[in-house]
Amino acid sequence: MISLLIRTSGPIVTLSEPHHLPKRRESLGQLDVLAGGFLGLDRFAGKITYVSSQAPATTLMNAEVIELDAGDRVVMPGFVDCHNHLIWAGSRAGEFFARCQGKSYQDIAAEGGGIAYTREQTLRASEDELLAVGRRNLRELVRHGVTTLEGKSGYALTTEGELRMLRVLRRLKDEFAGTLVSTYLGAHIIPPEKKSHRQKYVAEAVAALTPIREQRLAEFCDVFVDEQAFTLAEAELVLRAASDAGFRLRLHADQFSDAGAADLAMKLRAVSVDHLDAIGEETARRLAASDTVCVLLPGAAFFSRSPLRPPARLLIESGAVVALATDLNPGSSHIFDPSLIMTLASLELGIGAEEGIAAFTKNAAFALSRGYTKGSLAPGFDADVLVLATDDYRDLAYGVGADLVDTVIAGGGILKEKGVMKESLAPNQEQAAGSARSDEIIRF
């Protein structure tokens, strides 16, 4: 039944085709737009039940239906942020300005900054302090239209510290009406005190998979392959153990050099391979022939002032599954806004407005193994919906700095309405308030 009905004379961006498949090649630029119509949600079940240019029959309507009149505004799926380091402690603002004055990301890391500094601060923080950071970060992401996201560990790099980060992510997941997918990133870097005992640390990272699995704290396992992080052989050892334990796989790959990590991802049938700034043409073509999602992170290259850029046009035109994400983290991409990432994708990678939207919704959902329920407006999909403060979806990338996300619906609950965030992001708040708002029409 329809308990929340959205109507608009503007575009409804459905991203409904191909059904239950990601968009490749020219289809990435096809948003499957209805020129006005109706979107019906069951806000109690958190599902989309109706999408059409025609009004639904009254027999499909709940007696306490809420109607949302969006005028001529764009209605589209919520953003899926498929690469996100959601929780950490400490600020790396000083590093940002050091890079602006000429220091490289690698130079800062070699001096004890970067991930090692965040790790030191994260180990000192209490679980409640980390939870407060996570709540703040999640709220900012929702404000900018994110309804589904990944959250990684990786800033503790001890077994207990990684478990603690994953417990915080689980607490956030329980508090959130949208969807939060947890990733274990114990193999982020080798901790400074373990650099002379690499094999021992790799063994510890593998051993941590057992309690994580037993406590159901993560769905994915990720490894950062880089000369200052993990070798291909070390990554393969961790990822094979993770796969054997039932985890889905993803990799931080070939960000600063073409180390062969993308080929390892394909070999292990990883769900996604992320960054890819340094890959060559042949690697791009091999990725295009695979089902591994290529998650491009232009915010990281921009924010860290890297000269490298992934071959986005070649990937798209060769048929790769291309997604975008914020890579929100305290050092190399302190960016909360998918719209800014789409702007950078256009300016730096040649990705079009329509391609950017599809890459940050439908294809990004496949990078989290959620392509059957997220990233499209179609019956049976999750009720994750945005209403924009514009009648032109291209404004997302074009209108830099404008708050164009007027309304955010996640799991059927309204988390932001007419530009104002709700106090709580918890599930079922709209369900509890539904009867008090029956027959209400929300107008823009």
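The values are calculated or read from the model by the stated rules, or taken from the named source; none is laboratory data. Here the structure is a predicted model, which means the values were calculated and not measured. Note that we place each Cβ from the backbone using ideal geometry, even for glycine, and neighbour counts take in every protein chain shown.
Looking for something part of a helix (DSSP H, G or I), free of Cβ contacts under 8 Å to residues at least 40 places away in the same chain and under 17 Å from residue 122 (Cβ atoms) - is there at least one such residue anywhere in segment 181-195?
For segment 181-195, residues part of a helix (DSSP H, G or I), free of Cβ contacts under 8 Å to residues at least 40 places away in the same chain and under 17 Å from residue 122 (Cβ atoms): present.
Report yes if some residue within segment 245-257 is at pLDDT 95 or above, surrounded by fewer than 17 Cβ atoms within 10 Å (Cβ to Cβ), in contact with a helix residue (DSSP H, G or I) (Cβ under 8 Å, 6 or more places away or on another chain) and not basic (Lys, Arg); otherwise report no.
Checking segment 245-257: at least one residue is at pLDDT 95 or above, surrounded by fewer than 17 Cβ atoms within 10 Å (Cβ to Cβ), in contact with a helix residue (DSSP H, G or I) (Cβ under 8 Å, 6 or more places away or on another chain) and not basic (Lys, Arg).
Is it true that residue 317 is charged (D, E, K, R) and closer than 24 Å to residue 114 by Cβ?
no
Determine, yes or no, whether residue 70 is modelled with pLDDT of 95 or more, farther than 25 Å from residue 388 by Cα and crowded, with 18+ Cβ neighbours inside 10 Å.
The answer is no for residue 70.
Residue-wise test of (1) hydroxyl-bearing (Ser, Thr, Tyr); (2) touching a helix residue (DSSP H, G or I) at 6+ places or on another chain (Cβ under 7 Å).
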residue	(1), (2)
300	no, no
309	no, yes
315	no, yes
329	no, no
333	yes, yes
349	no, yes
356	no, yes
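Kindly list the number of the only condition in (1) within 30 Å of residue 406 (Cα to Cα); (2) in contact (Cβ under 8 Å) with a residue 60 or more places away in the chain; (3) crowded, with 16+ Cβ neighbours inside 10 Å that fails for residue 130.
Among (1) within 30 Å of residue 406 (Cα to Cα); (2) in contact (Cβ under 8 Å) with a residue 60 or more places away in the chain; (3) crowded, with 16+ Cβ neighbours inside 10 Å, residue 130 violates only (2).
Only one of (1) within 28 Å of residue 287 (Cβ to Cβ); (2) buried (at least 18 other Cβ atoms within 10 Å of the Cβ); (3) in the same structural domain as residue 266 (by TED's automatic domain parsing) is not met by residue 393, so which one is it?
Among (1) within 28 Å of residue 287 (Cβ to Cβ); (2) buried (at least 18 other Cβ atoms within 10 Å of the Cβ); (3) in the same structural domain as residue 266 (by TED's automatic domain parsing), residue 393 violates only (3).
Could you tell me whether segment 140-150 includes any residue that is among the polar types (S, T, N, Q), surrounded by 24 or more Cβ atoms within 10 Å (Cβ to Cβ) and under 16 Å from residue 78 (Cβ atoms)?
Yes - at least one qualifying residue is present in segment 140-150.
Looking at 205, 218, which one is under 25 Å from the mean Cα position of the chain (by Cα), closer than 19 Å to residue 165 by Cβ and in a loop (DSSP other than H, G, I, E, B)?
Only one candidate qualifies: 218.
Restrict the check to segment 269-278 and report whether at least one residue is surrounded by fewer than 19 Cβ atoms within 10 Å (Cβ to Cβ) and either touching a Leu at 6+ places or on another chain (Cβ under 8 Å) or outside any helix (DSSP H, G or I) (or both).
Checking segment 269-278: at least one residue is surrounded by fewer than 19 Cβ atoms within 10 Å (Cβ to Cβ) and either touching a Leu at 6+ places or on another chain (Cβ under 8 Å) or outside any helix (DSSP H, G or I) (or both).
Residues in segment 157-180 that are surrounded by 24 or more Cβ atoms within 10 Å (Cβ to Cβ), out of contact with any Gly (no Cβ under 8 Å at 6 or more places or on another chain) and free of Cβ contacts under 8 Å to residues at least 60 places away in the same chain: how many?
Of the residues in that region, 1 qualify.
Any idea which of (1) assigned to a loop (DSSP other than H, G, I, E, B); (2) free of Cβ contacts under 8 Å to residues at least 60 places away in the same chain is the one residue 59 doesn't satisfy?
In the conditions (1) assigned to a loop (DSSP other than H, G, I, E, B); (2) free of Cβ contacts under 8 Å to residues at least 60 places away in the same chain, residue 59 misses (1) alone.
Can you say whether residue 325 is farther than 19 Å from residue 92 by Cβ, modelled with pLDDT of 95 or more and crowded, with 22+ Cβ neighbours inside 10 Å, as far as the supplied structure shows?
Here the answer is yes, as residue 325 does meet what is asked.
Could you grab the pairs with beta carbons closer than 6 Å, sequence gap of 6+ or different chains, first residue in segment 256-272 and within 13 Å of residue 220 (Cα to Cα), second one of a type outside the set (D, E, K, R) and in a loop (DSSP other than H, G, I, E, B)?
270/292; 271/369
Just to confirm my filter: which helices (runs of 4 or more DSSP H) fall fully inside segment 87-179 and include at least 3 residues that are more than 18 Å from residue 201 (Cβ to Cβ), aliphatic (A, V, I, L, M) and modelled with pLDDT of 95 or more?
Output list reads 127-143, 159-175.
Only one of (1) outside any strand (DSSP E or B); (2) charged (D, E, K, R); (3) modelled with pLDDT of 95 or more is not met by residue 416, so which one is it?
Here residue 416 meets the rest and fails (1).
In segment 199-207, is there at least one residue being over 25 Å from residue 357 (Cα atoms), in contact with an Asp or Glu (Cβ under 6 Å, 6 or more places away or on another chain) and in the same structural domain as residue 356 (by TED's automatic domain parsing)?
Yes, because at least one residue in segment 199-207 is over 25 Å from residue 357 (Cα atoms), in contact with an Asp or Glu (Cβ under 6 Å, 6 or more places away or on another chain) and in the same structural domain as residue 356 (by TED's automatic domain parsing).
Restricting attention to segment 239-257, which residues are touching a Lys or Arg at 6+ places or on another chain (Cβ under 8 Å) and not aromatic (Phe, Trp, Tyr)?
Answer for segment 239-257, where residues must be touching a Lys or Arg at 6+ places or on another chain (Cβ under 8 Å) and not aromatic (Phe, Trp, Tyr): 245, 246, 249.
Would you pick out the residues in segment 248-275 that are on the phi < 0 side of the Ramachandran plot, charged (D, E, K, R) and more than 17 Å from the chain's Cα centre (by Cα)?
Passing the criteria: 258, 263, 267.
Return a yes/no flag: does segment 46-65 have any residue that is under 27 Å from the mean Cα position of the chain (by Cα), closer than 20 Å to residue 373 by Cβ and modelled with pLDDT under 95.
no
Of all residues in segment 28-57 being farther than 17 Å from residue 76 by Cβ and out of contact with any strand residue (DSSP E or B) (no Cβ under 8 Å at 6 or more places or on another chain), which is surrounded by the most Cβ atoms within 10 Å (Cβ to Cβ)?
Looking at the filtered set, the residue picked out is 45.
Is there a residue being in contact with a Ser or Thr (Cβ under 9 Å, 6 or more places away or on another chain), at pLDDT below 95 and in the same structural domain as residue 355 (by TED's automatic domain parsing) anywhere in segment 276-297?
So far as segment 276-297 goes, no, none of its residues is in contact with a Ser or Thr (Cβ under 9 Å, 6 or more places away or on another chain), at pLDDT below 95 and in the same structural domain as residue 355 (by TED's automatic domain parsing).
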